[in-house]
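To start, the structure under review is shown below, and the notes come after it.
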Amino acid sequence: MPDTFMMLEQLMRGIRSIEGIVFYSLLQLPEGMDARNRIYTTVLENRRSLHFAVEGMQLSDHTSAAQAEDVFGLLQVLPYAFNPQDLS
């Protein structure tokens with residue numbers, strides 16, 4: 001079941017009973033910005049945190065949520081970035 005987030009949605013419903021969620025990577029969050037923003041809002045409103053091992057990031061305030069979104073923004077433009085191999 002690609003692109004399903006059933007376990008994450010279940011964790012979001014019970015967010016008050018945990019301190020936070022550890023992800024292997026930031027890229028495990030949904031691709032859609034609206035879905036990610038709902039997660040950020042739920043986590044921040046409940047004063048919880050998200051942790052991303054590969055990136056060494058912690059999302060615990062609006063600034064860190066904006067930084068996470070910066071990463072997703074870079075991923076969107078990366079396919080259009082200059083590739084030096086194209087010059088050969």
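With respect to residue 42, is the statement that it is of a type outside the set (Gly, Ala, Ser), over 17 Å from residue 72 (Cβ atoms) and outside any helix (DSSP H, G or I) true? Here the answer is no, as residue 42 does not meet what is asked. Taking the criterion of being among the aromatic types (Phe, Trp, Tyr) and within 19 Å of residue 11 (Cα to Cα), the only residue of region 46-88 that qualifies is 52.
Taking region 13-39 as the range and being part of a helix (DSSP H, G or I) and surrounded by fewer than 17 Cβ atoms within 10 Å (Cβ to Cβ) as the test, the residues that pass are 13, 16, 17, 27, 28, 33, 34, 35, 37, 38. Flag: residue 78 does not match the condition of being surrounded by 14 or more Cβ atoms within 10 Å (Cβ to Cβ) and free of Cβ contacts under 8 Å to residues at least 24 places away in the same chain. Could you check region 60-84 and list, in sequence order, the residues that are out of contact with any Ser or Thr (no Cβ under 6 Å at 6 or more places or on another chain) and either in a loop (DSSP other than H, G, I, E, B) or among the aliphatic types (A, V, I, L, M) (or both)? Correct list: 61, 65, 66, 68, 71, 74, 75, 77, 78, 81, 82, 83.
Only one of the listed residues (87, 50) is surrounded by 15 or more Cβ atoms within 10 Å (Cβ to Cβ) and either on the phi < 0 side of the Ramachandran plot or hydroxyl-bearing (Ser, Thr, Tyr) (or both). That residue is 50.
Just so you know, all these numbers are worked out from the coordinates, no wet-lab data involved. This is a predicted model, so every value here is computed, not measured. No Cβ is skipped: glycine too gets one built from the backbone with ideal geometry, and neighbour counts run over all protein chains shown.
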